[in-house]
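Here's the structure we're looking at; comments come further down.
Every number here is computed from the coordinates shown, using simple stated rules; none is lab data. A quick note: this is a predicted structure, and the numbers were derived from the prediction, not measured. All Cβ positions, glycine included, derive from the backbone under ideal geometry; neighbour counts span all protein chains shown.
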2 protein chains.
Amino acid sequence: MSNSSQTLPEILNKSVAACSRFFKIETLQLKFSNGEQREFERMQSSNQGAVLVVPFYDKETILLIREYAAGTHSYELGFPKGLIDPGETPLEAANRELKEEVGFGAKEFIELKKVVMAPSYFSSEMTLFMAKDLYPESLIGDEPEPLEVIKWPLDKADELLNRDDFQEARSISALLWVLKNDT
Amino acid sequence: MSNSSQTLPEILNKSVAACSRFFKIETLQLKFSNGEQREFERMQSSNQGAVLVVPFYDKETILLIREYAAGTHSYELGFPKGLIDPGETPLEAANRELKEEVGFGAKEFIELKKVVMAPSYFSSEMTLFMAKDLYPESLIGDEPEPLEVIKWPLDKADELLNRDDFQEARSISALLWVLKNDT
């Protein structure tokens, strides 16, 4: 259970390797503290981070959405989520996404954990929330088609966790976190 | 708890938006079943998927590694992981990564779950494993510096989950999955 802090490698050089409308890939020349030099590629993050919300419809029921995912070209089950807009706090973004994607706001948000994905390549941070005490309120989102909202009983969480279309690591982290701490 | 299968959008056109040594970004022209047309970008996956292993050093202790992550330019705690090489099964890759990154092989592997990350943009799949009955065996990996291996008592899992340098969604999913099913 060491707490040693290693010396970060020195960034000798940084350049843009490729750039599209949404993505920017950076090449890093790194020198590690042992003298070893390596070239790494990483994705440059242009956004303010993202949020994901586990909404409690009532004490025994959570809400899911089913949404098209272009990366896998499939419909996936998961929790409402989205990017934080400029000027928004994570909490404001969480409430806005909830209103846009499931048609509810929430009076109570509990922050669970800040997570990243594949930090060797990406820096984008996502704050996971649990939302309680919902009230009906809709905002228009930018989805190409209406999202399907699904009520899922918490006591059938295992069935959800074992589904092939519930496979996003951040949704799984959020659900398991809620189950560990709330039941 | 609907099981409706929505009609997948039609891919009208596909083109390469940008390309680097490691990444290939694709532009998709999509037509949704309601007639709505949109342009999406996604990362094309060139690999065979990846594996991540929660190694049990003994019944009460798991092994972690501390590794430099270029995306966040920080040292991060997590589980041994890596890409599946051509011709390898996920299980063979899991045992190889374990030998390369922590200096142990394992006699027993239990598959926990296949996960993806941000499937709106990526398709890469990672198989999460739990490994038991370890035996010492090392393979040389391609790391630029030796990885620090850390023994962590399972009864201090909460402390780990709350650390700022244990934040990778796939590591968190794997640990919470193990805790839910094994304790």
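Before moving on, here are some points about what is shown:
- Note on B:Lys107 and B:Glu148: the model spin-label points, each 7 Å out from Cα along the C-beta direction, lie 3.2 nm apart.
- Considering only Cα atoms, the convex hull volume of the protein assembly as shown works out to 143 Å³ per residue.
- Chain A, dipole about Cα centre (Lys/Arg Cβ +1, Asp/Glu Cβ -1), debye to the nearest 20: 620 debye
- Part-to-part distance (alpha-carbon centres) for region A:105-128 and region B:62-88, which is given in Å: 20 Å
- Peptide B:140-150 has a mean of 3 when you count, residue by residue, the C-beta atoms of other protein chains within 10 Å of its C-beta.
- At q = 0.14, 0.27, 0.30 Å⁻¹, base-10 log of I(q)/I(0) for region B:20-73 (Debye sum, equal scatterers on each alpha carbon): -0.72, -1.09, -1.13
- Among A:Leu112, A:Leu12, A:Leu160, the largest mean-square fluctuation in a Gaussian network model of chain A (Cα springs under 10 Å) belongs to A:Leu12.
- Cα-based convex hull, region A:73-162, per residue volume (Å³, whole number): 152 Å³
- Sorted from closest to farthest, the other copies place their A:Glu36 label points 4.7 nm away, with each point set 7 Å from Cα along Cα→Cβ.
- Across the copies of the chain, B:Pro136 has label points (7 Å from Cα along Cα→Cβ) spaced 6.7 nm apart, shortest distance listed first.
- Seen against the Cα atoms of chain B and their longest principal axis, helix B:169-182 is set at about 60 degrees.
- Crossing angle, helix B:90-101 versus chain B [Cα axis fit, 0-90 degrees, rounded to tens]: 50 degrees
- Computed from the alpha carbon atoms alone, the convex hull of region B:1-119 holds 194 Å³ per residue.
- Placing a label point 7 Å from Cα along the Cα-to-Cβ axis, A:Ile11 is separated from the same position in the other copies by 3.4 nm, shortest listed first.
- Between the amide H of B:Lys113 and those of B:Leu128, distances stay under 5 Å, these residues lying 5 or more places away or on another chain, with hydrogens modeled in the peptide plane.
- The amide H of B:Gln48, built 1.01 Å from its N in the peptide plane, has B:Ile84 as neighbours under 5 Å, considering only residues 5 or more places off or on other chains.
- Peptide A:61-73 - average C-beta neighbours from other chains (10 Å radius): 6
- Relative contact order of region B:50-182, pairs being alpha-carbon contacts under 8 Å that are 6 or more residues apart, as %: 32 percent
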